[in-house]
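The values are calculated or read from the model by the stated rules, or taken from the named source; none is laboratory data. All figures in this text were calculated on a predicted structure; none of them were measured in a lab. We place every Cβ from the backbone using ideal geometry, glycine too, and count neighbours over all the protein chains shown.
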Amino acid sequence: MAGTKLNPLALGYAAAIFSAAIMLLLGIGGNIGVYAGAAEQMEKWHMFFSLSIGGIIAGIVEAAIHSFVIGFVFGWLYNRFVK
C-alpha cells in the first residue's frame, strides 16, 4: 500500500469527534468522582474546560477545534511526503 493518500478532511473530522467524546466522558467522570485527577489536569491544560456544564461544552469545542486542525495538518503533510 505504498503511496496511499489520506483524506485530510476526514482525518480532521475523526480526530475532532474522538477528542470531543473523550472530553465529554472526562467531564462526566470528573463530576461523579471518577478520573478526578485527569479532570483536574484538563482544567489546567485547557483554557475553557471546567466541571460545570458550560465548561464541559466549552472544553469539547476547544478540544474538537484543536484536534481538527492537528489532524488536518497531519493528513496534509503526510500527503505531501507521499508524492
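Descriptive notes on the structure:
- Leu9, sole failed condition from (1) surrounded by 15 or more Cβ atoms within 10 Å (Cβ to Cβ); (2) not in a loop (DSSP other than H, G, I, E, B): (1)
- In the set Ile28, Ile70, only one residue is surrounded by 13 or more Cβ atoms within 10 Å (Cβ to Cβ) and at pLDDT 95 or above; that residue is Ile70.
Okay, residues lined up against (1) within 30 Å of Gly3 (Cβ to Cβ); (2) in contact with a helix residue (DSSP H, G or I) (Cβ under 7 Å, 6 or more places away or on another chain):
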site	(1), (2)
Leu24	no, yes
Ala36	no, yes
Gln41	no, no
Met47	no, yes
Ile56	no, yes
Ala63	no, yes
Gly71	yes, yes
Trp76	yes, yes
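- Odd one out for Glu43, checked against (1) part of a helix (DSSP H, G or I); (2) without any contact (Cβ under 8 Å) to a residue 24 or more places away in the chain; (3) loosely packed, with under 14 Cβ neighbours inside 10 Å: (3)
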